[in-house]
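First up is the structure itself, then whatever we jot down about it.
The values are calculated or read from the model by the stated rules, or taken from the named source; none is laboratory data. It should be emphasised that the depicted structure is a prediction, and the values quoted were computed from it without experimental measurement. Cβ coordinates were reconstructed from backbone atoms using ideal geometry, including for glycine residues, and neighbour counts include every protein chain displayed. Side chains are part of the model used for accessible areas, which takes the heavy atoms of the whole protein and leaves out ligands, DNA and RNA. Shrake-Rupley method; radii C 1.70, N 1.55, O 1.52, S 1.80 Å.
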Amino acid sequence: MFREWRHSRAVQRVEPGDGRALERFRWWQSFSRALFHLRLVNDDGRRTVYTVDVRHQNQSSGHVKAHLYLDGRHHAESKVPAVFPVRGGTVEVRASGFGLKRCHYVTAEGAEFQLVPDPASAEGRRARLDRSHPALSRRIGFLSLITLVVGLVLLVLQLAEQVTRAPEGLAQYVGTFTSPIDLPAWANTVVGLCTATASTERALRLRYNALLDGGVG
């Protein structure tokens with residue numbers, strides 16, 4: 001019931017577009033813009049192209065907006081998480097602190113299909129690497145996962161040490177915990193940069209885990 005209510009609220013947030021033309025993707029927008037396409041074929045054989053355009057720099061204002069284009073013209077917009085009604089279903093868009101974690105076409109029957117990233121975008125180039133060098137792509141993905149797991153373990157150890165050392169904290173009940181790994185400030189900074197890079201790489205593939213990626217953000 002809660003999921004249906006949230007879905008309904010997202011649909012209600014959708015505002016009509018102004019009909020402006022879709023801007024071409026520029027190379028310098030690689031990590032500030034996401035562009036995904038959905039191509040559908042009508043009953044009469046005519047092809048319809050929906051495009052989702054998300055500018056990540058809007059996060060500084062406290063929200064991210066997703067824009068939906070229909071055949072190259074601005075059709076609708078909404079704050080993320082967004083649910084756009086389209087022919088045969090909806091397009092769902094969700095963002096994380098490192099990019100998108102969902103950009104899918106959900107049919108009326110419940111089937112889900114991820115939209116295709118624009119070839120010029122960072123997501124598109126990452127998808128091309130996956131197609132042309134699948135073994136290398138899997139290694140990169142595995143390295144990102146391991147980096148996040150290590151970062152999470154270090155974070156848990158440091159938090160446990162801080163919590164149990166706090167005055168009148170848990171120490172009086174469970175004792176004081178000392179982390180077996182004591183990193184200097186510069187090493188913690190390096191770990192933070194590595195985990196942020198790993199989550200960014202995963203976002204390029206629309207991979208997201210609340211515990212791993214969410215913990216980094």
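What a 1.4 Å probe finds exposed on the stretch 80-214 is 64% carbon and sulfur by accessible area, rounded to a whole percent.
Entry note, the chain: the mean residue ellipticity at 222 nm calculated from DSSP H runs of n ≥ 4, each adding -39500 (n - 2.57), is -12500 deg cm²/dmol after division by the residues and rounding to the nearest 500. Result for the chain in a Gaussian network model with C-alpha springs under 10 Å: among 90, 189, 107, the largest mean-square fluctuation is at 189. Largest GNM mean-square fluctuation across 155, 35, 183, computed for the chain with C-alpha springs under 10 Å, falls on 183. Put a dot 7 Å past the Cα of residue 30, heading toward its Cβ, do the same for residue 120, and the two dots end up 1.4 nm apart. What whole number of Å gives the distance from the Cα centroid of the stretch 9-79 to the Cα centroid of the stretch 121-165? The distance from the Cα centre of the stretch 121-165 to that of the stretch 9-79 comes to 28 Å.
Taken about its Cα centre, the chain carries a charge dipole of roughly 560 debye when the Cβ of each Lys and Arg holds +1 and the Cβ of each Asp and Glu holds -1.
The packing ranking, built from the mean of other Cβ atoms within 10 Å per residue, places the peptides 18-27, 69-78 in the order 69-78, 18-27, highest first. Between rounded, prolate and oblate, where does the chain land on the alpha carbon gyration tensor, with a ≥ b ≥ c its root eigenvalues, rounded for a/c under 1.5, else prolate if a/b exceeds b/c? Prolate, since a/c reaches 1.5 and a/b exceeds b/c. Just checking the listed ones, 11, 83, 91: in the Gaussian network model of the chain with Cα springs under 10 Å, the one fluctuating most is 11.
Oblate is the label for the stretch 1-106, because a/c, from the alpha-carbon gyration tensor with a ≥ b ≥ c as root eigenvalues, is 1.5 or above and a/b does not exceed b/c.
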